[in-house]
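Peer 1: Quick one: structure below, then a few questions.
The values are calculated or read from the model by the stated rules, or taken from the named source; none is laboratory data. Remember, predicted model here, so these are calculated numbers, not experimental data. Backbone-built Cβ (ideal geometry, glycine too); neighbour counts: all protein chains shown. Quick note on the areas: whole protein, heavy atoms, side chains included, nothing else; ligands and nucleic acids left out. Shrake-Rupley method; radii C 1.70, N 1.55, O 1.52, S 1.80 Å.
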Amino acid sequence: MASALLAGACVEQDDEKPNEEDMKVAKQNILTSAPTPKYAVNADLDGKVVYVGLDVDPATPEPGHDIKLTHYWKMVASPGDGWKPFTHLEGPNRQSFINADHPAVKGKYPPSAWKPGEIIRDEHVVRLPANWSHDTVIVYTGFWRGNARLPLKSGAHDAEGRLIAATIPVRLAPKPVIRKTYVARKITKAPKLDGKLDDAVWKDVPSTGAFTNTITGAGADQKTEAKVLWDDKFLYVAFDNQDTDIWSNLTKRDDKLWTQEADELMIDADGNGKTYVELQVAPNGNVFDTYLPEYRKYEDTLDPKKKPYSWNSKLQAKVAVEGTLNKREDKDKYWTVEMAIPLEDVKGLDKASAVKLPPSVGDKWRINMFRMDMPQGKPQQASAWSPPMVGDFHALDKFGDLVFGDEKGAVPPRPAPAPHPAVAVGHGPAPVAPADRKTTAAVKGERPSGKSKK
């Protein structure tokens, strides 16, 4: 018994008996041997028609371009007059519906004329809309008549009785990379390192804005924001964390601070997406630091005599707590962290690093900042300045740009390079232009997450 069909889902087509000229086209599309389509299906439609499968050209279509779909049907027995094939295209979750119904075999050989035993090749072209935003396109097919569809005895199908012929990958244009950017202000007088963030230099500096959930990008339950300053010797980083339950019972250096509560900074100063350093500070002032010569690989990969997390930075870190540390039953307010990171530390163990120190105004480092929060009775929550949107804090491609600004927090435009002197013909050799000097600001990346849950 045929299943019900939603009104308007398919387009009426007129059946006419093929004439002699039509049959010339038809014979070119009646196959003498079974095809081997890329998308083999072999679905049984009511014991009368077999959908053999589908070929697609190109194999990976692009939005705004045509797709040639080649269907293969095998007639077992006539289903009766008026039945016709339909073709629908959709994105995932029934988005972006396209009705690609068409007269079978270019309108030259209607299904009413198909004979049992014949294998029919039916080609048609569909243009994928230029605004198609899905990385796949699903092709549905089947036979329909009036308000009914020919029932399926086998083959994957949806709730509406549409046979799923293929799920085709779509080549989408790469999305432009939009990185988070923070401009650090250069200072001439260092802040007093006490964790309180009450120095005038901190008050006048814009914050990163509130960190967001590392996976979803949604707002975090408890707010965290950061600020960054620099001079010719140090990078200064301040974290401000709202927290109703401030605690940490890990007291040894390089304890796994990321398993409880901590602020974390990762620095890939040379931006090579390979070497980086990771620094963490817990509410009790304890520090974790490590150098990673490659993604998620640690110091011991450089020398078997070394141990993971053996590199110690010269980081100075102070914490101020507004509340009672490790008193879980009361209600706290916030804790703040103040870091002074020697610029040389961004090289980690790579003393041959090409990172330019101190940086110049306009130079960029790749960094990310995180906060791990674990209120009593709740699972740990992680937020980030530049959320990786995956379960990995070490997603180096998701780091943001730290830009080194001047004393006003501005980045003046770089002057255009001077043109090379022209050669004066007949007046001796042209003057030689000085070689271009390319200075790579590089800092070993930072990402201690073999340790992190991230």
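Peer 1: Compute the distance from the alpha-carbon center of region 337-375 to that of region 68-98, in whole Å.
Peer 2: Computed from Cα coordinates, the inter-centre distance equals 58 Å.
Peer 1: Let me have the relative contact order for the chain, percent, based on Cα pairs under 8 Å that are six or more residues apart.
Peer 2: It rounds to 16 percent for the chain.
Peer 1: On to the next question. Rounded, prolate or oblate, given the Cα gyration tensor of region 342-413, with a/c below 1.5 counting as rounded?
Peer 2: Prolate shape, in that a/c is at least 1.5 and a/b is the bigger ratio.
Peer 1: Ok, one more. Which shape class, rounded, prolate or oblate, goes with region 302-359 when its Cα gyration tensor gives a ≥ b ≥ c as root eigenvalues, a/c under 1.5 marks rounded, and past that a/b bigger than b/c marks prolate?
Peer 2: Verdict is oblate for region 302-359.
Peer 1: Might you work out the accessible area of I138 for me, using a 1.4 Å probe with all protein chains in place, and round it to the nearest 10 Å²?
Peer 2: 30 Å²
Peer 1: Could I ask something else about it? Using the beta-carbon distance between R127 and T244 and R0 = 51 Å, what value does 1/(1 + (r/R0)^6) give for FRET efficiency, to the nearest 0.05?
Peer 2: 0.35
Peer 1: Relative contact order of region 176-288: what whole-number percent is it, with Cα pairs under 8 angstrom and at least 6 residues apart?
Peer 2: Computed over region 176-288, the figure is 18 percent.
Peer 1: Determine the distance separating the Cα centre of region 148-223 from the Cα centre of region 104-142; give it in Å without decimals.
Peer 2: Going from one Cα centre to the other spans 39 Å.
Peer 1: Rounded to the nearest whole Å², what accessible area per residue is found for region 270-330 with the 1.4 Å probe?
Peer 2: 50 Å²
Peer 1: Additional query: What do you reckon, how do S207, S383 stack up by accessible area (1.4 Å probe), largest on top?
Peer 2: S207, S383
Peer 1: Something else about it: Please say if region 52-91 is rounded, prolate or oblate, where rounded means a/c under 1.5 for a ≥ b ≥ c the square roots of the C-alpha gyration tensor eigenvalues, and otherwise the choice is prolate for a/b larger than b/c and oblate otherwise?
Peer 2: prolate
Peer 1: If you rank M369, M23 by how much accessible surface each has, with a 1.4 Å probe, what is the order from largest down?
Peer 2: Reading off the accessible areas and sorting them downward yields M23, M369.
Peer 1: Can you list the lysines whose alpha carbon sits under 16 Å from that of K74, skipping same-chain ones fewer than 8 residues off?
Peer 2: In chain and number order, the partners are K27, K48, K84, K115, K153.
Peer 1: What order do K189, K180, K378 take when sorted by accessible area (1.4 Å probe), most exposed first?
Peer 2: Correct descending sequence by accessible area is K189, K378, K180.
Peer 1: Of all accessible surface on the chain at a 1.4 Å probe, what whole percent is carbon and sulfur?
Peer 2: 52 percent
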